[in-house]
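The values are calculated or read from the model by the stated rules, or taken from the named source; none is laboratory data. All values derive from a computational prediction rather than experimental measurement. Backbone-built Cβ (ideal geometry, glycine too); neighbour counts: all protein chains shown. Areas reflect the complete protein model, heavy atoms only, side chains present, ligands, DNA and RNA absent. Shrake-Rupley method; radii C 1.70, N 1.55, O 1.52, S 1.80 Å.
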Amino acid sequence: MQNKSSEKQVKEWHVFSKKTAIILSVAIFIFFATLAVFVFPLNGKDSFNISNTNYDFFWVSKAIKLGLDVEGGMYAVYEADISVFESEEETESALEGTMSNLQSLLFNEGYTEATVTKQGRNQIRVEVPSIEDTEHLISLLGEPAVLEFKDSSGTVVIKGGEHLERATAMLYEGQYVISLKFNQLGTEAFAKATEANVGKTISININGEEVMAPTVNSVISDGNAIIQGNYTYQTANDMATKINAGTFAVKLSPISTASISPTLGQNALLYSIIAGAIGLFIIMIFLIIYYRGMGIAATIALFIYTIILMYLLALIPWVQLTLPSIAGIILSIGMAVDANVIIFERVKEEKRMGGLGKGISSSIQKGFSKGLPAIIDGNVTTILGSIVMIIFGATSIKSFGITLLIGIILSMFTAIIITKLLLNILLSFNSESEKFYALSFKEANNEKTK
């Protein structure tokens with residue numbers, strides 16, 4: 001009766017014929033080998049041109065956004081003066097507007113990977129990775145300024161945070177100029193100011209000091225103005241940046257600024273990759289030696305896990321690779337291995353309980369079904385913790401939580417789906433050798449005695 005039951009279980013789970021198993025094996029190999037080819041640059045560059053198109057394909061590893069502590073750069077923390085606002089809604093609106101203007105300022109400077117985040121109730125943190133000249137940017141940001149436009153009588157006609165949308169350097173009629181764009185309220189105020197001051201000057205003042213006093217040539221009513229002068233691109237851009245620094249809706253005071261050497265960051269990334277690769281290699285060797293055939297399936301699943309993870313890190317927009325986020329990745333790899341170990345130990349336990357009369361396929365089937373609740377319970381707890389870190393944590397904690405969440409979900413997928421699929425393929429070729437799967441009765445009996 002026991003043998004018949006065992007054979008029935010083998011038929012229920014062992015669904016692949018050898019032909020199907022071969023086709024699946026080849027398809028899986030070709031698919032993931034193709035994905036692996038595009039992970040690391042083969043031409044020594046960040047990208048390559050897609051033939052006969054104007055598009056470039058970025059190697060996956062080069063498309064992953066690097067954080068400040070990995071790529072180097074600078075950070076600055078500012079404290080916002082929110083005492084002038086009466087309600088929480090006004091405070092939040094002002095802070096959001098200020099953060100948006102800071103982001104635009106940095107983007108216009110060419111720092112597209114810069115991040116501006118809120119810390120606590122009234123602090124703003126600015127992180128700008130991959131900066132070669134940090135002193136130049138720090139001098140441009142400096143202390144966020146109070147911007148005012150005054151007419152010849154000293155009356156303030158324009159206030160930066162209320163009226164001016166942005167200032168940019170641009171080429172106009174063969175020379176570099178400073179372009180000013182006002183919001184709706186600023187357009188009305190500037191139209192009145194220029195109408196009343198044609199032929200006169202309107203000075204631009206930052207922190208109470210006059211930085212320029214252009215002459216009004218005509219009434220400007222469309223909200224767009226141009227300041228001409230003997231500018232190079234650099235001088236026009238620097239002045240536009242200083243003007244933009246006065247468009248913040250709240251007054252900011254710098255608390256701390258620091259720069260990180262790109263060399264230090266790149267070394268940290270290199271050492272982290274080496275440490276992770278060594279650890280992963282040791283784990284794979286252990287799995288193969290201790291679990292044999294099941295370990296081979298788990299090792300292949302870990303390779304697949306690594307390849308998919310690289311693509312997710314490159315494609316998911318909220319991911320920025322920092323040292324804390326690397327720690328999250330390494331922890332998720334450990335969780336992936338832990339899931340496989342739980343399943344394999346349940347498989348061995350089933351074989352011990354069934355002895356010689358229990359087939360390999362039925363032991364693996366029962367091992368997966370009994371190990372699944374423990375895996376789900378452990379991983380769901382970690383997922384909830386990751387979500388809490390993402391919602392309530394500081395910037396470095398958020399990056400750790402994001403990569404941990406991605407890694408945990410992916411590890412569950414590879415352990416429960418991929419490993420099971422690979423074992424099913426292996427069983428299509430070899431479902432009789434207990435020694436190959438480390439499930440021999442003698443070995444199981446020895447473990448029971450221990």
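Only one of these conditions is not met by GLU188: (1) in a loop (DSSP other than H, G, I, E, B); (2) modelled with pLDDT of 85 or more; (3) exposed (fewer than 15 other Cβ atoms within 10 Å of the Cβ). Which number is it?
Answer for GLU188: the failing condition is (1).
Condition check: over 29 Å from LYS181 (Cβ atoms) and in contact (Cβ under 8 Å) with a residue 60 or more places away in the chain. Does LEU68 satisfy that?
yes
State whether the residues of the range 366-374 include one that is closer than 30 Å to LEU68 by Cβ and touching a Lys or Arg at 6+ places or on another chain (Cβ under 9 Å). Can you show your working first?
Going through the range 366-374, the residues closer than 30 Å to LEU68 by Cβ turn out to be none.
No, there is no match, as no residue in the range 366-374 is closer than 30 Å to LEU68 by Cβ and touching a Lys or Arg at 6+ places or on another chain (Cβ under 9 Å).
With respect to LEU302, determine if the residue is open to solvent by less than 40 Å² (accessible area, probe 1.4 Å) and in contact with a strand residue (DSSP E or B) (Cβ under 6 Å, 6 or more places away or on another chain).
Values: open to solvent by less than 40 Å² (accessible area, probe 1.4 Å): yes; in contact with a strand residue (DSSP E or B) (Cβ under 6 Å, 6 or more places away or on another chain): no.
For LEU302, the condition - open to solvent by less than 40 Å² (accessible area, probe 1.4 Å) and in contact with a strand residue (DSSP E or B) (Cβ under 6 Å, 6 or more places away or on another chain) - is not met.
What residue, among those in the range 151-163 that are modelled with pLDDT of 85 or more and assigned to a strand (DSSP E or B), is most open to solvent (accessible area, probe 1.4 Å)?
VAL156
Tell me, please, whether a residue that is part of a strand (DSSP E or B) and of a type in the set (Val, Ile, Thr) can be found in the range 66-87.
Restricting attention to the range 66-87, the residues satisfying the condition of being part of a strand (DSSP E or B) are 66, 73-81.
Next, only the ones that are of a type in the set (Val, Ile, Thr) stay: 77.
Yes.
Kindly indicate the residue of the range 234-271 that is touching a Leu at 6+ places or on another chain (Cβ under 8 Å) and open to solvent by 30 Å² or more (accessible area, probe 1.4 Å) and also modelled with the highest pLDDT among those meeting that condition.
Step one: of the range 234-271, the residues touching a Leu at 6+ places or on another chain (Cβ under 8 Å) are 238, 241-250, 260, 265, 268-269.
Now narrow it down to the ones that are open to solvent by 30 Å² or more (accessible area, probe 1.4 Å): 238, 242, 249, 260.
Values: ASP238: 79, LYS242: 74, ALA249: 66, ILE260: 70.
Filtering the range 234-271 for residues that are touching a Leu at 6+ places or on another chain (Cβ under 8 Å) and open to solvent by 30 Å² or more (accessible area, probe 1.4 Å), the one modelled with the highest pLDDT comes out as ASP238.
Listed residues GLU132, GLU148; which is modelled with pLDDT of 80 or more and either assigned to a loop (DSSP other than H, G, I, E, B) or of a type outside the set (A, V, I, L, M, F, W, C) (or both)? Before you say what the answer is, go through the steps one by one.
Working: GLU132 fails: modelled with pLDDT of 80 or more.
Exactly one of GLU132, GLU148 is modelled with pLDDT of 80 or more and either assigned to a loop (DSSP other than H, G, I, E, B) or of a type outside the set (A, V, I, L, M, F, W, C) (or both), namely GLU148.
Between ILE124, ILE64, which is closer than 16 Å to ALA258 by Cβ and surrounded by 14 or more Cβ atoms within 10 Å (Cβ to Cβ)? Outline the logic, then answer.
Values: ILE64 fails: closer than 16 Å to ALA258 by Cβ.
So the residue among ILE124, ILE64 that is closer than 16 Å to ALA258 by Cβ and surrounded by 14 or more Cβ atoms within 10 Å (Cβ to Cβ) is ILE124.
Residues that are at pLDDT 85 or above, more than 30 Å from GLN123 (Cα to Cα) and surrounded by 16 or more Cβ atoms within 10 Å (Cβ to Cβ): does the range 164-177 have at least one?
yes
Which fully enclosed helices (runs of 4 or more DSSP H) of the range 308-426 have 3 or more residues being modelled with pLDDT of 90 or more and open to solvent by less than 20 Å² (accessible area, probe 1.4 Å)?
Working: elements: 323-354, 360-392, 395-413.
The helices (runs of 4 or more DSSP H) meeting that bar are 395-413.
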